[in-house]
């Protein structure tokens, strides 16, 4: 029985006891010496504010219930593995978005450190052993906190937004619905009062964000999921067609285990190839993902998607038919 288990068991015994518990019984139940029982009691008093009292008249230990309530171990009580898992989650969150929720998580970090020290463990080792690599991540921009604040407080936002596809700016008033972290970048899902529809905005393309006094217009969760998650990609829209993709036997060993979409369907063919069906609306992101597999994937349907992929491949080949540029 380790230190944590003994503290947990000691707390359980004292909570259940109808009369003071003799020291010898605690030694037997906790499988430890008299000195260890004494240290455990002192640690609980010091670190966990446990109101353990020794009743000399009745020769045992008990919880002081003079205030009328039974003592509980403070906060959530975790063993070392669970605490290290919490530290890992905090490290992941900190690296995904530095500064996010720092004010709210700092007290939790201090509490975790206290519990780990009590269990003769440390949180210092975990950050050194977690490696998170980001690919093609863009700077979030200076408005993350203000956008998150308006989202939490259900306020509308006035945005100045840069559309990279059209190379143009626009001003919108939106009702923020949720923040989405997708492929190492952050997006804001919002109801656009200009378009009177749901839209997704890349945070790095927001050039100005101002919280307004008007309350945000809420969109039901079911409607959000249907519009923003029913089809493939971050700019999903309404699923209008089903992409049918056939992967080579070699690539099938990876793709068959991948989750492209919550409503995907896939199966192996007798020759080892893998056929994947994915619902999509806007084909732009899907085409880019198909292209990265090169000759190891073929689009079987619909014809419009197959033509789009073929056109992009022909354009790419045309670039390489030219003489290489002088470096």
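Here, each number is a calculation from the coordinates, and none is a lab measurement. These numbers were taken from a predicted model, which means no experiment stands behind them. Ideal geometry is used to build each Cβ from the backbone, glycine not excepted, and the neighbour counts take in all protein chains shown.
Which one is farthest from residue 261 (Cα to Cα), of the residues in the stretch 164-178 that are without any contact (Cβ under 8 Å) to a residue 40 or more places away in the chain and buried (at least 17 other Cβ atoms within 10 Å of the Cβ)?
The residue in question is 172.
Suppose we keep only residues that are in contact (Cβ under 8 Å) with a residue 24 or more places away in the chain and within 12 Å of residue 60 (Cβ to Cβ) within the stretch 1-24. Which one would you say is surrounded by the most Cβ atoms within 10 Å (Cβ to Cβ)?
This residue is 14.
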